[in-house]
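Since the structure comes first, as structure tokens, the remarks are kept for the end.
The values are calculated or read from the model by the stated rules, or taken from the named source; none is laboratory data. Computed from a predicted model, the values in this text were never measured in an experiment. In this analysis, Cβ positions are derived from the backbone assuming ideal geometry, glycine residues included, and neighbour counts consider all displayed protein chains. Just so you know, the surface numbers come from the protein's heavy atoms only, side chains and all, with ligands and any DNA or RNA stripped out. Shrake-Rupley method; radii C 1.70, N 1.55, O 1.52, S 1.80 Å.
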Amino acid sequence: MSADSLIHRFLEDRDSLADEELLALVEAVGTDADLAVRLREQLVVDDYLAQKLSVDRRQFEAQVAQRIRDLQAGDAAMAAQVNEVRTLVLDDFQRRIARHARWRRLRNLALLATSLLVMVAVGVTLNQWKLATTGITTLAALEGEVTVTRRGSQVAIEPGLPLRADDRLDTRAGASLVLRYEDGTEVQLAGGSQAVVGVDSVTQGKRVELNLGKLAASIRPQAQGRAMIFATPQAEALVLGTEIILEANSEETRLEVTAGRVQLVRARDAQAVFVNAEQLGLASREALQVQPIAWPVHHEGLTFLFDGARGTTAARSAATGVLREIDLHPRGEVPHDSAGAMHFIGKGAFTADAANADLLAALKQSGEFTLELCLESSLAEQFGPARVISFGENEQQEEFAVGQDKTNWVLRLQPTQNNKTQENVAPSFRSLGPATPGVVQHLVVAYRAGELTAWIDGRRVLEDRTVQGNFSEWQPRHLLFGDIHSGNRAWLGKLAAAAIYNRVLTPEQIAKHADRFRQRAKESSK
Amino acid sequence: MLDHEMTATAPLSFEAIMRQTQARIRAYIAGMGVASSDVDDLAQDVYVELYRQFDNMPPDVAPERWLKGIARNLCMNFFRRTSRRGRLHRAALAEMLQAVETKCSHSLAEKPVRAALDVCYEKLPDNSRKILSLRYQQELPSAEIAQRMNSTAEAVRVALFRIRAGLKDCIANSLAR
């Protein structure tokens, strides 16, 4: 396609060119200064014509004036709040004075009021001194490299350390920590994060400034007017009691609300939105919007997560309970496709050894299990069974696996019964349903003692109430994708996402996940 | 009023600066390849930023130069941050287009273009004004304009290109007198 044709299409719609066409345009403009000048002149005249003729473009000055009024209103609202409180206090004091006729009683009352104010002032000062010198929260657990900086100096840290107002917390990649407040509120700070704990100067409510990174929090109900405030470079989230996941960098804040309702206020213009349960709030300089949470919606009990589209692999630390990022390691040749999915071509697998110990601990502790896979077989018939996911050593020592046997998805699950292990006697695979080559399928297996179910694309395909046992005797194994640890069971296909929970998801939750993943697959195919 | 005239007299109010510069600043942003639907949003951000910095604006810098500096920064941040396809290419293109600003017709960058455009627009043949009306007033894509005018989408795009080029020359000649 000629440069002229690209320019004509670009002028009509700046979003109409494909990546390679944009690149061609950039190359053409970069090597021909006259072309660059002509293009710029066309863009400028195009905009002047739009300003003249387009109805939507005629109110520009009024729109700017409104933005500035909103800006002023935000500043004024803050000042008005402070004045209102001051006025209320003064009005109340003056009303008390007016009720008393005798000067002596008036004088005594004034003296009493003054004393009370002094006592309150002293109390507030003492409280603030106490906050500054004693703890406002406690470092309940930590893992990996964590530093606490207090007034410019690093503090020796250990679990149970009281944290004071303005203490700064830094976590290196792979590290995590948990803060616990007196009322039971918990904040989990993920690796690669920086946060400052404190108290809000106006409301005296809890305050955490997340300058960079990610946190999850479970906030106990807070008193009205004393919302817990999470502040990022772009916004503030005011929380009265709920569960959230908050992520911030220099450009954008992401707030996921898993329960309850949170007000998200953008810092630069005080515009605000409410983010309800199962919604995601986004705040940046350009945007303040709310949208449904993409998959996975539910994080409670989430022990392992691979999300190819977001490039995320994470495992929940048994020590801190924080979902921390880990690495997948390729064994052999295993590319990722353009959407980030693991693409198994029969020459390799992915290992997730960093998750092995934590996964085992979580499943043994709960005795429950949900495995969720978004996968696509490349071949109608495969044998072995070929392993999509395996937690095991070899064919005889494998705690669980999902694979493809001929044209069907199959499951192996070995719960412990009566505290007896059955070494070298691996249970057989059971069929779950048809594997459809070339089609992304959503597959879920859920187990607790007395209930084994499986779902494909939100539809239940297996229900067995005879299976008993827990995972108490499970052994440390290798978590692998695309093969079994000992090899020779390679699967051909793509794995877009995987999640392992140490609890059984409800049918409604499974249906919601299937639906969200279907929506995401539809959007990404556009 | 030209840039240099703005600084020669008493300092202008924020409203006066906006009134005198907004058309050129919006076109300046468009000239960096920003999508039409985003130009005015970014331009609003520029003036809000000016409002915030108004008291700190250096007295010896022409307001429009200050505004273009703000616009340049906001545009580059916008391209780097957008989740649109091809954002790196867009950012590169924006830098190239911004770099040739001084080589473009001086009148488009500095002078009151809107008045000249009104005059030049009236001189256009009926057919050209019809295409511009369909494109800019009714905001129709070239394919639909082509259908109405019994032509092809590419022919419509070429026609628009030529009309704009003609208007650019007419504006430059008009302002040169």
With every protein chain in place, the accessible area of residue B:170 for a 1.4 Å probe, in Å² rounded to the nearest 10, comes to 30
Determine the shielding of peptide A:20-32 by partner chains: average, over its residues, the number of Cβ atoms on other chains within 10 angstrom of each Cβ.
4
Of all accessible surface on the range A:328-370 at a 1.4 Å probe, what whole percent is carbon and sulfur?
52
In the full protein assembly as shown, how much of residue A:338 is accessible to a 1.4 Å probe, in Å² to the nearest 10?
130
Taking R0 as 30 Å and r as the Cβ-Cβ distance between residue A:261 and residue A:59, the FRET efficiency 1/(1 + (r/R0)^6), rounded to the nearest 0.05, comes to 0.30
Compute the length gained on full extension between residue A:204 and residue A:364: take 0.36 nm times their separation in residues and subtract their Cα-Cα distance, giving the result in nm to one decimal.
53.4 nm
Partner chain Cβ atoms within 10 Å, averaged over the residues of B:133-142 - can you pull that number for me?
4
Net length gained if the chain between residue B:155 and residue B:115 were fully extended (0.36 nm per residue, minus Cα distance):
11.5 nm
In what order, largest first, do B:68, A:206 sit by accessible area if the probe radius is 1.4 Å?
A:206, B:68
Would you kindly derive the ³J(HN,Hα) couplings of the range A:238-255 from the backbone phi angles with the Karplus curve 6.51 cos²θ - 1.76 cosθ + 1.60 (θ = phi - 60°), listing them in order in whole Hz, with x for Gly and Pro?
9, 10, 9, x, 5, 10, 9, 10, 10, 9, 9, 9, 6, 10, 8, 10, 10, 10
Return the average number of partner chain Cβ atoms within 10 angstrom of each residue Cβ along peptide A:276-286.
1
Ellipticity estimate at 222 nm from DSSP helix runs (n ≥ 4, -39,500 (n - 2.57)) divided over chain A, nearest 500:
-9500 deg cm²/dmol
Subtracting the Cα-Cα distance from 0.36 nm times the residue separation, let me have the gained length for residue B:88 to residue B:148 in nm, one decimal.
17.9 nm
With a 1.4 Å probe and all protein chains left in place, how much accessible area per residue does chain B have, in Å²?
48
Amide H contacts under 5 Å for residue A:384, placed H, 5+ residues apart:
A:406
Between the alpha-carbon centers of the range A:359-390 and the range B:101-177, tell me the distance in whole angstrom.
61
Separation between the residue B:35 and residue A:151 pseudo-spin-labels, each 7 Å from Cα along Cα→Cβ, expressed in nm?
5.3
Farthest toward the dipole's positive end in the protein assembly as shown, which of A:51, A:370, B:167, given Cβ charges of +1 (Lys, Arg) and -1 (Asp, Glu) about the Cα centre?
A:51
Between residue A:465 and residue A:276, what is the label-to-label distance in nm when each label sits 7 Å out along the Cα-to-Cβ direction?
3.5
So what are the ³J(HN,Hα) numbers for the range A:47-52, from phi and the Karplus equation (6.51, -1.76, 1.60; θ = phi - 60°), rounded to whole Hz, Gly and Pro as x?
6, 4, 4, 5, 4, 6
Using only the heavy atoms of the protein chains and a 1.4 Å probe, how would B:96, A:342 rank by accessible area, largest first?
B:96, A:342
Search the structure for amide H atoms under 5 Å from the amide H of residue A:317, placed 1.01 Å from N in the peptide plane, and list their residues when 5 or more places away or on another chain.
A:322, A:323, A:324
How much accessible area per residue does the range A:279-415 have, counting only protein heavy atoms and a probe of 1.4 Å, in square angstrom?
35
Quick shape check on the protein assembly as shown: root eigenvalues a ≥ b ≥ c of the Cα gyration tensor, a/c under 1.5 is rounded, otherwise prolate if a/b tops b/c, else oblate, and it reads oblate
Among A:466, A:438, A:416, which residue has its Cα furthest toward the positive end of the charge dipole of the range A:343-466, with +1 on Lys/Arg Cβ and -1 on Asp/Glu Cβ?
A:466
Dipole check, the protein assembly as shown, charges on Cβ (K,R +1; D,E -1), about Cα centroid: among A:345, A:257, B:141 the Cα furthest to the positive pole belongs to A:257
Given bins 5 angstrom wide, list per bin the percent of all Cα-Cα distances in the range B:102-177, short to long.
3, 16, 24, 20, 15, 12, 7, 2, 0
Accessible area, 1.4 Å probe, largest first: how do A:310, A:331 sort?
A:310, A:331
Distant-in-sequence amide H partners of residue A:485 (H built 1.01 Å from N, under 5 Å):
A:392
Between the modelled labels at residue A:107 and residue B:169 (7 Å from Cα along Cα→Cβ) the distance in nm is 9.7
Would you mind working out the magnitude of the charge dipole of the protein assembly as shown relative to its Cα centre, with +1 at each Lys and Arg C-beta and -1 at each Asp and Glu C-beta, to the nearest 20 Debye?
2120
Convert each backbone phi in the range B:30-37 into a coupling constant with the Karplus relation 6.51 cos²θ - 1.76 cosθ + 1.60 (shift: θ = phi - 60°), then list the ³J(HN,Hα) values in order as whole Hz, x for Gly and Pro.
4, x, 9, x, 5, 4, 3, 5
For a quick check of understanding: with a 1.4 angstrom probe and all protein chains in place, what accessible area in square angstrom does residue A:4 have, to the nearest ten?
80
Rounded to the nearest 100 Å², what's the accessible area chains B and A bury against each other, both chains counted, probe 1.4 Å?
6000
